[in-house]
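**Q** So that we are looking at the same thing, I have put the structure below in C-alpha cells.
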Amino acid sequence: MGRFYATTPIYYVNDVPHLGTAYTTIVTDALRRFHQLIGDETFMLTGTDEHGLKIEREAKAQGLDPKVFCDRISARFRDAWPKLDVSPDRFIRTTDPDHEAFVKELWKKIEANGDLYEGEYEGWYCVGCESLKTEKELEQPGNLCPLHKAPVERIKESSYFFRLEKWQKPLLDFYARHPNFIQPESRKNEVLSFVQSGLKDLSVSRTTFSWGIPVPSNPKHVMYVWFDALSNYRSALGNGELARFWAPNAKVVHLVGKDILRFHAVFWPAFLLSAGYREEELPDVVYAHGVLTVDGQKMSKSLRNAVDPLKLAAELGPDVLRYHLLRAIAFGQDGDFDHAALLERYNADLGKNVGNLLSRVIGLCTKMTNGKHPDDDVATDGPLEAELFEAYEQNVSAARDAWLNLAPHLALDHAMKLANAANLYVAKTEPWAEAKNGNTARVNKILSRMLRVLEAISVMLWPAMPLKSDAMRAQLGLPPVRAGVGVDIWPLKLPSIRAGLELANAGPLFPTYDEKAQAELLERLVPKIEKSEETAKPSAKTGTGTGTGPGTGTDGGTIAYDDFATVDLRVGLVISAEKVPKKDKLLRLTVDLGETEPRTIVAGLALSFTPEALAGKKVIVVANLAPREFGSAEFDGKKVKLVSHGMLLASGPSEDLRLATIDGDAAPGARLK
Ligand code: MSP
C-alpha cells in the first residue's frame, strides 16, 4: 500500500475531446481506481495545454482573445470527462496562476544552474507538434512534418537554449539505474537510441509571438510551450500534495501516447535534473501507449469529430465504452476501435458471460432460496467446487498483477475467464436437477458459491465499469464498492457467505443487442463518407420530412421525441461561400457552428443564391449527419474532394429556395430543440 499519482497528457485546446484523448483519460482513471481498490492513496491529474503558437493562431482565426478562446475549449474538456465516469483530483490549465508561478521558478532554477543561454535559432518548426524538426526528419517533396503531413515553417529568431547536450550522459545513467522508467520495452529502446545518438541543445523560448509564459529575466521572450506544459505534472500539486504524491513512497506514472514520448522521457527528466532535483525525485514511469484507428481508418480531424466519445457514452452508457476501450486494445500497442466489434464483445463478454451469470443466479435464488443469499457449509465441498476455486485463485491474482503491470486488457480478460468458469460450474453442477431431487444443501452451496464469485467480479470490474459494478452489487444486495486508504479490498480471497441477505432482481444488467438492434445502432454510430453524384441529392433539402429519419413512416405516422432528438440541429453562421467550378448547383460554404474550426458544407444553393448573399446569414444546420462526398472539383488549380460536413435546411424548388433561419440573437452552435 502506498501512494499513486497518475497523469494524462494535458490536451491542446485547438481540438475538442475525441476518442483518442478519451482513451488515455479513461485508462488513467481505471488505473487509479484499481490502485484505490488495493488501498493506495491516489491522485489523478488531467487538464489543458493552452499556450503556444498553435493556440494563438487558432484563437485569431476565430476572432477571439486567446484567453477567451482557451476558457471556452478548456471547459469542453473539463465537462466531458465526468460524462465518461472520470473525475480527476485536479483539472489543470496552463493559464492557471499557480502553474505560471511554478514554471517561472523552474526556469529561474535552471538559469541559475547555468543551463540556459541566449542565441539565435534558425530551422524548421512544425506548429502541429509545437516542435522543431531536423532536415532529416522532413518528408519530401514539400518539407512535410512526418506526423502531420503538413509543411513545416522556417523560423529564424533569437531564443534561449537549454543545454540538453550536457544531460545526455546523466540521462543514460538514469535510464540504466531505473529500467522501468520508460515503458513498454520496445519504446524504451527507441528513446535509448535517440539519446545515444547525441542530444543537441534545445531552443526553449520564442520571440515572434506572445501567447505564452514570459521569461522572467527577459519578457520579450515567451517560454517554449513544451517547457511550460511538462511542468504541469509538478505545478498541479500543492505543497501538501507534493509531499504526499511526489515522494519516495509514491509512484508517479505519466501515461502518454507514443507521439509525445520523447518530450516526457528525455526533455522532462532533463529539465528536472537541471533544476536540481535528484534522481529519486523524478517520475517513476512514463508509459507510452499506441495510436487508435477507427474502423481501420486513421483518425483524421473530420473522422475524429464524427466518433464522439460523449455520443457513444450517451448511446451505450459510459461503462460500455470504457470496457471496450480497456479490453479490446492491448495497452501499449496500436489498436483499432471497431464499432461492430464493440457490440459483439459487449454481447459476448458482458451480455452472455457476466450478465447471464448474474441473471441466472438471481433467477435461481428467486425460485429456490426466497430471493435471499443461502447459507453453505464449505466442509462439504466437492471436486467441482475445487475446480472453481482453482480458476478463482488463478484469475483473481493474475488480474491484480495485470493492473499492476499496466495491462488493463489482460486484467479484464481474467475477470471474464472467472465469469466463464462460474458459468461452467453452474452447467456442471445443475442446481435445477439437485432441486428436483430435494437436495437443498447442495442447491444452497452452488448458489452461494456463484453469488460469492459474482461479488468478486463486481470488484474486479469496478475500475473499468464503476456504474455497472454498482448496479450489479445492488442486485446482489450489496452497497457500491467503497475503497478506503490503507484497506486492500482486491478479492484475493473469496468473499464471505452472506446468508439471509436479500437479493434485488432488477432485470438484465447487460441486455444483449439482437441482430436488428445491432444493425440499427451501427447505422447510427458508424461515421461514413457517403458517395453520391452531385446530380443525385444536393445537400440542401426541403424542410418537410421525407421519411428518412428513424421511426418515420410513409403513412404520416408520428415519431417519438427521442427520435427527433437524435437529429442535432444547430444554428450556423455562414462565414463565406463560393461557387464550385463546373457544378452549376453547388456552393461550398464555410460555416461557424461554434466549434474549434468552422465546417465545410456543400449545398445545392447556387441556383437561388449568390455566394455574397449567403455570407453573414444565420442558417439551420443538421450537424450530426454523416459526412457526404459530392465528387471532386478544382479550386485554385488544386483538385480537392467535395465533402460536406452537415446539411442546411431550406424549402422550395432548387431555383427558388428559401433558407430556414432563426430570429434574434442566437449564437453559432446553439442547439434547436
Ligand atoms: N499538449 C500536448 C501534451 C502535453 S503533455 C505535457 C499534446 N496534446 S494533444 O491534445 O495533442 O494530445 C495528445 C495525446 O492525446 C496523445 O499523447 C494521446 O494520449 C492522446 N491521443 C490523441 N490521439 C490519439 C489517438 N488517435 N490514439 C491514441 N491516443 C491519442 O500532445
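**Q** How would the chain be classified by its alpha-carbon gyration tensor: rounded, prolate or oblate, with rounded meaning a/c under 1.5 and the a/b versus b/c comparison settling the rest?
**A** The shape class here is oblate.
**Q** Continuing with this model, one more query. Let a ≥ b ≥ c be the square roots of the eigenvalues of the Cα gyration tensor of segment 86-147; is it rounded (a/c under 1.5), or, if not, prolate (a/b larger than b/c) or oblate?
**A** Oblate, because a/c is 1.5 or more while a/b does not exceed b/c.
**Q** Let me ask something else about it. Using modelled amide H (1.01 Å from N, peptide plane; none on Pro or chain starts), what sits under 5 Å from the amide H of Gly257, excluding residues fewer than 5 places away?
**A** For Gly257, the qualifying residues are His289.
**Q** Find how much the distance from Lys298 to Arg78 grows on full extension, using 0.36 nm per residue of separation minus their present alpha carbon separation; answer in nm with one decimal.
**A** 76.6 nm
**Q** Quote to one decimal, in nm, the extra length available between Ala670 and Lys220 on full extension: 0.36 nm per residue of separation minus the C-alpha distance between them.
**A** Result for the pair: 158.0 nm of gain on full extension.
**Q** Considering only Leu144, Phe389, Tyr224, whose Cα is most displaced toward the positive end of the charge dipole of the chain, charges sitting on Cβ of Lys, Arg (+1) and Asp, Glu (-1)?
**A** Working it through, the farthest residue towards the positive pole turns out to be Leu144.
**Q** What nm value, rounded to one decimal, do you get for the distance between Glu135 and Ala474 when each label is placed 7 Å out toward the C-beta?
**A** 6.6
**Q** Follow-up question, since we're still on this one. Based on the mean of other Cβ atoms within 10 Å per residue, sort peptides 558-566, 101-109 so the most packed one is first.
**A** 101-109, 558-566
**Q** Determine, for segment 568-659, the count of lysine pairs separated by eight or more sequence positions (or lying on different chains) whose alpha-carbon distance falls under 24 Å.
**A** The result is 17.
**Q** Evaluate the Debye formula for segment 127-180 with equal point scatterers sitting on the alpha carbons, no solvent, and hand back log10 of I(q)/I(0) at q = 0.22, 0.29 Å⁻¹, in q order, two decimals.
**A** At q = 0.22, 0.29 Å⁻¹ the computed log10 ratios are -0.86, -1.07.
**Q** Evaluate E = 1/(1 + (r/R0)^6) for Leu64 and Glu393, where r is the Cβ-Cβ distance and R0 equals 60 Å; express this FRET efficiency to the nearest 0.05.
**A** Taking R0 as 60 Å, the efficiency between Leu64 and Glu393 is 0.55.
**Q** Here's a follow-up. Sum -39500 (n - 2.57) across every DSSP H segment of at least 4 residues in the chain, then divide by the residue count to get the 222 nm mean residue ellipticity, nearest 500.
**A** Roughly -11500 deg cm²/dmol at 222 nm, from the helical runs in the chain.
**Q** Taking square-rooted eigenvalues a ≥ b ≥ c of the alpha carbon gyration tensor, is segment 3-289 rounded, prolate or oblate, where a/c under 1.5 means rounded and, failing that, a/b exceeding b/c means prolate?
**A** Because its axes are fairly even, with a/c under 1.5, segment 3-289 counts as rounded.
**Q** A follow-up question, please. If you plug each phi of segment 73-82 into the Karplus form 6.51 cos²θ - 1.76 cosθ + 1.60 with θ = phi - 60°, what whole-Hz ³J(HN,Hα) values come out, in order, with x for Gly and Pro?
**A** Using θ = phi - 60°, the values come out as 6, 4, 4, 4, 5, 4, 7, 6, 4, x Hz.
**Q** Non-local amide H neighbours of Val294 (under 5 Å, H modeled in plane, Pro and chain starts lacking H): which ones?
**A** Residues meeting the amide H criterion: Met299, Phe337.
**Q** In addition: What Cys residues in the chain have no fellow cysteine's beta-carbon under 4.7 angstrom?
**A** So far as the 4.7 Å Cβ criterion goes, Cys70, Cys365 stand without a partner in the chain.
**Q** Starting from the Cα of Lys673, draw a straight line to each of the aspartates and glutamates and keep only those under 14 Å, dropping any in the same chain fewer than 8 residues away.
**A** Asp562, Asp563, Asp568
**Q** Roughly speaking, what is the stretch gain from Ala660 to Lys166, that is 0.36 nm per residue apart minus the C-alpha to C-alpha distance, in nm to one decimal?
**A** Going from the current span to full extension adds 171.4 nm.
**Q** Percent of Cα-Cα pairs per 10 Å bin, from 0 to the last occupied bin, for segment 192-288, please list those.
**A** Taking every Cα pair in segment 192-288, the percentages come to 13, 41, 34, 12, 0.
**Q** Dipole of the chain (Lys/Arg Cβ +1, Asp/Glu Cβ -1, origin at the Cα centre): which of Leu342, Gly114, Leu587 lies farthest to the positive side?
**A** Checked the options; the winner is Leu587.
**Q** Moving to a separate point now. What is the distance, in nm, between label points placed 7 Å from the Cα along the Cα-to-Cβ direction at Glu430 and at Thr366?
**A** About 2.5 nm, to one decimal.
**Q** Rank these by accessible area, largest first, 1.4 Å probe: Phe245, Phe267.
**A** Largest accessible area first, the residues go Phe267, Phe245.
**Q** With a point put 7 Å past each Cα toward its Cβ, work out how far Ala626 is from Val291 in nm, to one decimal.
**A** Output for this residue pair reads 2.5 nm.
**Q** Related question: Take the Cβ-Cβ distance between Lys493 and Glu344 as r, set R0 to 41 Å, and report the resulting FRET efficiency rounded to the nearest 0.05.
**A** Efficiency at R0 = 41 Å is approximately 0.75.
**Q** Would you mind working out the magnitude of the charge dipole of segment 337-525 relative to its Cα centre, with +1 at each Lys and Arg C-beta and -1 at each Asp and Glu C-beta, to the nearest 20 Debye?
**A** It comes to approximately 420 debye.
**Q** Excluding residues fewer than 8 places away in the same chain, name every one of the lysines whose C-alpha is closer than 27 Å to that of Lys258.
**A** Those lysines meeting the cut-off are Lys54, Lys83, Lys133, Lys136, Lys149, Lys166, Lys169, Lys188, Lys200, Lys298, Lys301, Lys311.
The values are calculated or read from the model by the stated rules, or taken from the named source; none is laboratory data. The shown structure was predicted, so the numbers you read here are calculated from the model rather than taken from an experiment. Every residue, glycine among them, receives a Cβ derived from its backbone with ideal geometry; neighbour counts consider all protein chains shown. Side chains are part of the model used for accessible areas, which takes the heavy atoms of the whole protein and leaves out ligands, DNA and RNA. Shrake-Rupley method; radii C 1.70, N 1.55, O 1.52, S 1.80 Å.
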